[in-house]
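The structure under discussion appears below in the form of structure tokens.
The values are calculated or read from the model by the stated rules, or taken from the named source; none is laboratory data. Computed from a predicted structure; not experimentally measured. Here the Cβ is made from the backbone with ideal geometry for all residues, glycine too, and neighbour counts use every protein chain on show. All accessible areas refer to the heavy atoms of the entire protein, side chains included, with ligands and DNA or RNA removed. Shrake-Rupley method; radii C 1.70, N 1.55, O 1.52, S 1.80 Å.
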Amino acid sequence: MVRVPFQPIGSAKNWEVFRNLTYRVGTSQDSIVVPAGFVTDFASIPQAFQSLISPFGPYLLPSVVHDYLYWEQGCSRRQADRIFLLAMGEMQVPAAQRDAMYQAVARAGGRAWRQNARDRAIGLPRHMPTSGVRGPGPLEQWPDYRRFLKQQGVQPLPKVPVSQAFCAHGGPR
């Protein structure tokens, strides 16, 4: 993974990916592109644990890929979680931290997975529009801006097919 710039939205709980982020699994040709404009919250570390694990660290880019896989749902949830684990290993996240973060998403990620499916079904976008709509105000939070976008007729981007060869790096469905 190559570094990409991010732009904070509101209080910086959510961030916009400013340039396409390509993740290629190891030395394979299997990859996924998180498109510019996608909105992420990086690693969703509960406040109580942020003194132990910062929301920012070497797992930041794997977290963006994981968020995108949870939004697109082209791989199974289990595969998305295991690809997150694999990507953290490739980014040299220390083993104990990597395992703790993987266990957290494997055990508690179901809520986010289901919420993403509901959000997409009701037409809430997960990307910043490129034109035609004002940007968020300096204090406007992503959930509020997202509702505004929907009211303005901005729809989620069409689902992007995710290669099953890519998903297979996360194990069986």
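With springs connecting C-alpha atoms under 10 Å apart, model the chain as a Gaussian network and identify which of P94, P125, P58 has the largest mean-square fluctuation.
P94
Compute the separation of the alpha-carbon centres of segment 93-117 and segment 61-81 and state it in Å as a whole number.
10
Out of the trypsin sites (Lys or Arg not before Pro) in segment 7-90, which ones are loop residues according to DSSP with at most 15 other C-beta atoms within 10 Å?
Numbers: sites: K13, R19, R24, R77, R78, R82; in loops: K13, R19.
Filter output for segment 7-90: K13, R19.
Choose one answer from E72, E140, E16: the residue with the largest mean-square fluctuation in a GNM of the chain with alpha-carbon springs under 10 Å.
E140
Starting from the Cα-Cα distance between D119 and Q92, subtract it from 0.36 nm times their residue separation and give me the gain in nm to one decimal. Write out the running numbers ahead of the final one.
Details: separation 27, 0.36 × 27 = 9.72 nm, distance 3.27 nm.
Between D119 and Q92, full extension yields an extra 6.4 nm.
Nothing charged except the Cβ atoms of Lys and Arg (+1) and of Asp and Glu (-1): what's the magnitude of the dipole of segment 26-173 about its Cα centre? Round to the nearest 20 debye.
With only Lys, Arg, Asp and Glu charged at Cβ, the dipole is about 540 debye.
Pick from Y59, Y68, Y145: which is most flexible by mean-square fluctuation in a GNM of the chain where alpha carbon atoms under 10 Å apart are linked?
Y145
Tell me, what is the 1.4 Å probe accessible area of V160, in Å² to the nearest 10?
70
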